[in-house]
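Below is one structure, written out as structure tokens; the observations come after it.
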């Protein structure tokens with residue numbers, strides 16, 4: 001195939017420009033940093049979108065970008081090449097004829113010397129063993145079956161993935177193609193600077209947008225991120241890549257064009273389902289938990305979409321694993337967000353109703369984890385970042401430091417002082433362009449309580465909690481529960497209602513005693529805004545003794561309501 005010489009010059013100039021000066025390990029390019037630099041040059045207007053993609057594809061398929069056998073930092077490798085490949089296809093019309101020819105060459109199936117059919121009969125593994133091949137797989141063959149153990153394991157883990165997705169859970173199998181020589185699904189062991197990549201191949205024959213595909217998987221996994229697999233990092237990487245990329249192939253049986261964040265988040269979650277001992281996906285959790293203000297649907301922040309696997313983890317644990325299959329079935333005809341709602345309606349709820357609870361689960365991780373509640377592995381997850389922390393509870397007009405995006409939130413922590421006695425009043429006044437949710441956590445030693453409120457889109461969210469002084473701290477979690485608009489401002493207020501303030505005029509005086517006497521003896525209205533404001537002696541009932549407490553406090557220099565409690 002012949003290309004315009006200018007394309008080659010552009011290709012190698014881009015690779016050279018973005019490789020120069022980058023941090024390296026054993027002489028290898030830090031691929032993520034190089035990709036980021038290309039993105040930054042595009043955003044600054046220095047290169048076109050087509051040039052950006054040509055540069056990134058050149059890096060992805062340039063074997064000098066593949067790391068050596070030494071261990072490296074996570075940021076030196078891509079998690080998956082699938083997003084890049086998708087972006088190339090989505091912007092095909094931007095490429096010149098010569099650039100399209102170059103992209104076609106990159107996206108074509110590689111020619112590798114040897115094939116091996118998986119024991120289950122579902123996959124054909126393509127690989128090289130020649131010493132002079134850049135795709136050479138590790139040659140070790142302990143079982144002397146003339147197939148490298150590395151290839152044996154890829155076949156085994158892909159078979160396990162098929163058994164779980166298609167046989168066990170009833171997911172649609174990827175559409176069949178014969179381009180690899182037969183109807184088996186083709187896996188190519190390639191020298192790419194990523195765990196793997198799934199390549200859409202050709203439209204299927206369904207009425208929805210299904211596609212056949214093939215998968216590229218790294219040929220040796222030297223230099224990848226550490227994981228917890230007891231068999232070693234390389235084997236752990238093999239396991240999760242087979243689970244992740246084959247789930248991409250399954251996704252393409254439903255919708256070739258589904259939201260990228262949902263494709264990656266759910267594929268990353270499946271790593272945990274099939275191979276829970278590996279925990280490679282834990283490497284990406286800081287990119288989600290450190291930035292709770294970044295929206296669930298974000299695909300531009302490094303590794304955020306992989307850390308977002310906690311969303312399908314939440315759905316899977318709260319309901320069951322069937323809900324994820326229901327969602328993907330609905331994705332054939334709907335966007336991911338609509339597919340969530342059409343699946344959740346079977347459980348009597350919607351995404352807007354449950355998203356605030358999801359933010360609550362995300363608070364109870366790390367040292368905050370509560371055994372038997374929330375995520376099963378919560379203690380192993382990092383703690384979510386707090387937007388603001390205060391040493392008192394009473395505040396007027398708190399605004400976010402990092403305004404939340406759509407389907408994102410902030411965490412505000414407040415600790416009562418010894419002088420802050422009474423019942424708390426919390427107000428969230430958010431932008432009326434979207435709907436909001438508010439979670440409030442009232443924490444005391446060994447016994448937290450929480451409230452989850454979803455706005456109707458028209459009114460502010462107002463919450464009252466009795467006996468604030470019983471708690472060590474309060475956490476408020478304002479969340480944007482609609483899937484559009486970013487960087488949204490809000491006002492959060494926190495106030496105290498004095499004990500005994502039965503008539504809700506913000507002071508405790510004789511008027512409250514009269515109010516309670518009317519309640520007890522004449523059937524008058526209960527204390528407002530919550531009945532506990534009339535409980536002046538904090539004995540958990542409202543009766544004449546509370547009126548007496550207030551009268552003694554006002555006229556006889558008696559004890560302050562609820563003092564000593």
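Jot down the per residue volume, in cubic angstrom and as a whole number, of the convex hull over the alpha-carbon atoms of the chain. Working shown, then result.
Numbers: hull volume 99.2 nm³, N = 565.
Output value, Cα hull per residue: 176 Å³.
With a bin width of 10 angstrom, please list the P(r) values of the range 372-414 as percents of all Cα-Cα pairs, from the 0 bin to the one holding the largest distance.
Spelled out per bin, shortest first, that is 21, 40, 31, 8.
When 244, 399, 347 are ordered from fewest to most other Cβ atoms inside 10 Å of their Cβ, what list results? Before the final figure, lay out each step's value.
Values: 244 30, 399 11, 347 14.
The fewest-first ordering by Cβ neighbours comes to 399, 347, 244.
State, as an integer percentage, the relative contact order of the range 510-555 based on alpha-carbon contacts under 8 Å between residues 6 or more apart.
Rounded, it is 40 percent for the range 510-555.
If eta is 1.002 mPa s and T is 20 °C, what Stokes-Einstein diffusion coefficient results for the range 463-565, Kirkwood Rh from Cα pairs, in µm²/s? Don't skip to the answer; put the middle values down first.
Working: Rh = 15.3 Å.
Roughly 140 µm²/s, to the nearest whole number.
Between the range 313-343 and the range 113-144, what is the separation of their alpha carbon centroids in Å?
One Cα centre to the other: 37 Å.
Over all Cα pairs of the range 510-555, how is the pair count split among 10 Å bins, expressed in % and running from 0 up to the last occupied bin?
33, 61, 6
Give the angle, between 0 and 90 degrees and rounded to the nearest 10, that separates the Cα long axis of helix 510-522 from the longest principal axis of the Cα atoms of the chain.
Tilt relative to the chain: about 90 degrees.
Starting from the Kirkwood radius over alpha-carbon pairs of the range 94-201, derive D by Stokes-Einstein at 25 °C in a medium of 0.890 mPa s and give it in µm² s⁻¹.
On the way: Rh = 15.5 Å.
Roughly 158 µm²/s, to the nearest whole number.
Which percent, nearest 5, of DSSP beta bridges in the chain are antiparallel? If you can, show how the numbers build up before the last one.
Working: 46 of 60 bridges.
Looking only at bridges with both residues in the chain, the antiparallel portion is about 75 percent.
What order, most packed first, do the peptides 146-158, 447-459 have when packing is the mean number of other Cβ atoms within 10 Å of each residue?
Details: 146-158: 19.8, 447-459: 13.9.
Final packing ranking: 146-158, 447-459.
Divide, for the range 384-497, the radius of gyration over alpha carbons by 2.2 N^0.38 Å, where N is the residue count. Let's see the in-between values first.
Numbers: Rg = 13.5 Å, N = 114, 2.2 N^0.38 = 13.3 Å.
Working it through for the range 384-497, the quotient is 1.02.
Cα convex hull of the range 307-418: mean projected area in nm², to one decimal?
Working: hull surface 36.0 nm².
Directional mean of the projected Cα hull area for the range 307-418 stands at 9.0 nm².
Counting only C-alpha contacts under 8 Å and six or more residues apart, can you give the relative contact order of the chain as a whole percent?
The normalised contact order for the chain reaches 8 percent.
If we sort 538-546, 403-411 on the protection proxy, mean other Cβ atoms within 10 Å, highest first, what's the order?
403-411, 538-546
With an 8 Å Cα cut-off and a minimum separation of 6 or more residues, compute the relative contact order for the range 183-240 in percent. The partial results should precede the final answer.
On the way: 79 pairs, mean separation 18.2, N = 58.
Over the range 183-240, the number comes to 31 percent.
So what is log10(I(q)/I(0)) for the range 114-284 at q = 0.10, 0.14, 0.20 1/Å, when the Debye sum runs over its Cα atoms only?
Result of the Debye calculation: -0.35, -0.70, -1.44.
How would you rank 275-282, 202-209, 246-253, highest first, on the average number of other Cβ atoms within 10 Å across their residues? Present the calculation step by step, with values, prior to reporting the outcome.
Values: 275-282: 19.8, 202-209: 12.5, 246-253: 26.2.
Those peptides, ordered most packed to least, come out 246-253, 275-282, 202-209.
Give the angle, between 0 and 90 degrees and rounded to the nearest 10, that separates the Cα long axis of helix 31-43 from the longest principal axis of the Cα atoms of the chain.
The angle comes out at about 70 degrees.
Please compute P(r) over all alpha-carbon pairs of the range 225-338, binned at 10 Å starting from zero, and give each bin as a whole-number percent.
Going out from 0 Å in 10 Å bins, the range 225-338 shows 14, 46, 34, 6, 0 percent.
Rule-based calculations on the coordinates, nothing more; no lab input. Only a predicted model underlies this, so the values are computations on that prediction, with no experimental measurement involved. Because the Cβ atoms are built from the backbone with ideal geometry, glycine has one as well, and the counts that use them run over all protein chains shown.
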